[in-house]
Amino acid sequence: RVLVTEPAINHIAQLKQAIARAERILFLADNAGETVMDRLLIEQLSCPVTYVVKGGPAVNDATREDAIAAGIDRVCEIIDHGAATLGTLLERCSDDCRQRFDKAELIIAKGMANYESLNQSRPGIFFLLQAKCAVVAADLGVEEKSLIVLGSD
């Protein structure tokens with residue numbers, strides 16, 4: 001479905017431009033089951049990527065073990081953000097993760113929890129998600145289950 005559905009918010013062209021200009025990308029992971037697809041995307045990127053996973057188990061979100069099992073350690077650096085929380089709660093993240101977040105010129109943030117926790121944080125983030133609930137769908141002005149590729153200014 002993801003491969004054949006047009007995103008309800010489609011900033012793919014802007015994301016491609018941002019990737020072409022980036023010297024380094026910070027990639028915030030989402031679900032453990034998506035790590036294999038994340039690896040395929042990372043392999044297509046021409047600049048170094050740092051893949052950020054959870055600091056411990058949080059529902060079905062990706063951990064370092066999941067990323068290694070998908071082979072992401074063979075294509076980029078993996079760090080954990082220091083917390084076992086849904087989304088990326090910067091106040092709970094490690095100093096290293098916060099510094100990388102603050103310095104990153106381009107951040108790709110996957111999943112609805114990353115959107116919920118970071119959508120007001122800073123420019124330079126592209127959110128890739130599905131609007132799984134009415135509250136987030138209304139916030140984005142889309143129907144539930146819509147696919148989103150949204151760049152923040």
(request) Place a +1 charge on the Cβ of each Lys and Arg in the chain and a -1 charge on the Cβ of each Asp and Glu, then give the dipole magnitude about the Cα centre in debye, rounded to the nearest 20. (result) 200 debye
(request) Take the Cβ-Cβ distance between Ala134 and Leu89 as r, set R0 to 25 Å, and report the resulting FRET efficiency rounded to the nearest 0.05. (result) 0.65
(request) With all protein chains present, calculate the accessible area of Ser121 using a 1.4 Å probe and round the result to the nearest 10 Å². (result) 50 Å²
(request) Only Cα pairs under 8 Å and at least 6 apart count here; give the relative contact order of the range 4-79 as a rounded whole percent. (result) 31 percent
(message) Using a 7 Å offset from the Cα along the Cα-to-Cβ direction at both Glu65 and Glu144, what is the distance between the two label points in nm, to one decimal?
(response) 3.3 nm
(request) For Asn31, enumerate residues with amide H under 5 Å from its amide H, sequence gap 5+ or separate chain, H modeled in the peptide plane. (result) Ala62
(message) Under a crude label model (7 Å from the Cα following the beta-carbon direction), how far is Asn119 from Asn10 in nanometres?
(response) 2.1 nm
(request) Could you point to the residue in Pro48, Ala62, Cys76 farthest towards the positive end of the range 19-99's charge dipole, with +1 and -1 charges on the Cβ of Lys/Arg and Asp/Glu respectively? (result) Pro48
(request) Whenever you get a sec, line up Val4, Val49 from highest to lowest accessible area (probe 1.4 Å, protein heavy atoms). (result) Val4, Val49
(request) Could you check what % of the DSSP bridge pairs in the chain are antiparallel, to the nearest 5? (result) 25 percent
(message) With θ taken as phi - 60° and the coefficients 6.51, -1.76 and 1.60, list the Karplus ³J(HN,Hα) couplings across the range 89-102 in order, rounded to whole Hz; mark glycine and proline as x.
(response) 8, 4, 5, 9, 7, 5, 4, 4, 5, 4, 5, 5, 4, 5
(request) Would you mind getting the Kirkwood hydrodynamic radius of the chain from its Cα pairs, rounded to one decimal in Å? (result) 15.5 Å
(request) Quickly estimate the mean residue ellipticity at 222 nm for the chain, helices only: each DSSP H run with n ≥ 4 gives -39500 (n - 2.57), and the total goes over all residues, rounded to 500. (result) -8500 deg cm²/dmol
(message) I'd like the carbon and sulfur percentage of the solvent accessible area for the chain, probe radius 1.4 Å, heavy atoms only, ligands and nucleic acids excluded.
(response) 52 percent
(request) Over the range 44-144, calculate the relative contact order: mean separation of alpha carbon pairs under 8 Å at least 6 apart, over the residue count, as a percent. (result) 19 percent
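The values are calculated or read from the model by the stated rules, or taken from the named source; none is laboratory data. All values derive from a computational prediction rather than experimental measurement. FYI the Cβ positions are ideal-geometry reconstructions off the backbone, even for glycines, and counts take in every protein chain you see. Heads up: the accessible areas ignore ligands, DNA and RNA and are worked out on the full protein's heavy atoms, side chains in. Shrake-Rupley method; radii C 1.70, N 1.55, O 1.52, S 1.80 Å.
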